[in-house]
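The values are calculated or read from the model by the stated rules, or taken from the named source; none is laboratory data. What you see is a predicted model, and the numbers here were worked out from it, not measured in a lab. Backbone-built Cβ (ideal geometry, glycine too); neighbour counts: all protein chains shown. Keep in mind that these areas ignore ligands, DNA and RNA; they rest on the heavy atoms of the full protein, side chains included. Shrake-Rupley method; radii C 1.70, N 1.55, O 1.52, S 1.80 Å.
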Amino acid sequence: MKKRNEIPDCKVTLIGDSGVGKSSIIGRYVTGIFMENDTSTAGANFTQKTFEKDGKKVRLNIWDTAGQEKYRALGQNFYKDSYIICIVYDVTSKQSFKDIKEIWYPDVQKYGEKYHIISIVGNKCDKYDVEEVTEEDAQSYAEEIKAKFFLVSALNGNGIDRMFQTLAEEFLDPDFKENIKSERELMNSFELKKDHFKKKKHHNKCC
């Protein structure tokens, strides 16, 4: 049982193609500065930041996953217990947005939790003069899959804090937390029944 003053944890996973700026988005949010990353994430990196508003707190456990094809199967493991998933694309790369539709979102549907908060995040919006993905197209797709939509820039910080604040507030919403609680209770009940069946089957075996 959690103590009354214990801060709840929320797993946040950023996914998307290599080079879209996932590491830079996290770096900007956690440190407040832009950290250009010339090397691709290998596997996954982890960091934390506590969000607080109106006396409510949540510890965001933020996972930065690799986007290279050879790591994608590994990334599927991070969907478990991840109640906030940010699917990031680069506004100057039509391919990175296409891969959201063909790779990343289908993976979330297949491996993600039943109740989760999905957001489509367009990074590098400071490069609007060379964009290949319009805000209208991305917004339309987000609405189609019932996801939130954010345009951000890790370079200048635009939209980063607002994005994490919006997602954290939704996680703290009592209705969402009740959905999570009900899902966990259902899964625990299923596991208990499965274990009981296995033990009973083993006990009834003829020696």
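Structure values in brief
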read-out	value
Exposure ranking of LEU167, LEU172 by accessible area [1.4 Å probe, largest first]	LEU172, LEU167
Cα-only Debye scattering, segment 81-124: base-10 log of I(q)/I(0) at q = 0.15, 0.21, 0.23, 0.32 Å⁻¹	-0.37, -0.66, -0.76, -1.13
Ranked by how many other beta carbons lie within 10 Å on average, peptides 105-113, 77-85 from highest	77-85, 105-113
Surface accessible to a 1.4 Å probe, PHE51 within the full protein complex, Å²	20
LEU151 long-range amide H proximity, modeled H, under 5 Å	GLY122
